[in-house]
Amino acid sequence: MDLEKYFKKSELIPAVVQEASTGEVLMLAYMNKESLAKTLETGYTWFYSRSRQQLWNKGATSGHFQKVLEIHSDCDDDTLLVKVEQTGSACHTGNHSCFFTKIY
């Protein structure tokens, strides 16, 4: 698979993570070419931390892994939708989803 096409506009692309069984959006993170390759290789999500400037495997510390079931790109090939089977909470706060604060 040619990963280059996803990184023509930027070294990082947004990855929307969705629970496959419910359709709930769990989180948004960023991937670089290396983290996408590791995700495809391992079947579990890997992201690039913009604050720490390093790769991270979701769940490596918490045990709340995301098993990848499907990955879709958008029409411009610059955003990914990652459908997962979530173990435990997706959010570092302990909430199932990072999108728990209603503002409207």
Heavy-atom accessible area per residue of the chain, all protein chains kept, 1.4 Å probe, expressed in Å², is 63 Å²
Under the Debye formula (equal points on every Cα, no solvent term), log10 I(q)/I(0) of the chain at q = 0.10, 0.11, 0.16 Å⁻¹ = -0.25, -0.31, -0.66
Accessible surface ranking that places the most exposed of TYR44, TYR30, TYR6, TYR104 first, with a 1.4 angstrom probe = TYR104, TYR44, TYR30, TYR6
Taking Cα atoms, the helix 33-42 axis meets the longest principal axis of the chain at an angle in degrees (rounded to 10) of 60 degrees
Helical contribution to [θ] at 222 nm, DSSP H n ≥ 4, -39,500 (n - 2.57), averaged over the chain, rounded to 500 | -3000 deg cm²/dmol
Over 23 Å (Cα to Cα) among LYS9/LYS102; LYS9/LYS67; LYS9/LYS58; LYS33/LYS67; LYS5/LYS83 -> LYS9/LYS102; LYS9/LYS67; LYS9/LYS58
Taking only protein heavy atoms and a 1.4 Å probe, the highest-to-lowest accessible-area order of HIS92, HIS72 is HIS92, HIS72
Determine the share of the chain's accessible area contributed by carbon and sulfur atoms, expressed in whole percent, with a 1.4 angstrom probe.
-> 50 percent
Nearest-10 value in Å² for the accessible area of ASP76, using the 1.4 Å probe = 90 Å²
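Could you please put PHE99, PHE47, PHE65, PHE7 in sequence from largest to smallest accessible area, using a 1.4 Å probe?
PHE99, PHE65, PHE7, PHE47
The values are calculated or read from the model by the stated rules, or taken from the named source; none is laboratory data. These numbers come from a predicted model, not from an experiment. With ligands, DNA and RNA removed, areas are computed over all heavy atoms of the protein, side chains included. Shrake-Rupley method; radii C 1.70, N 1.55, O 1.52, S 1.80 Å.
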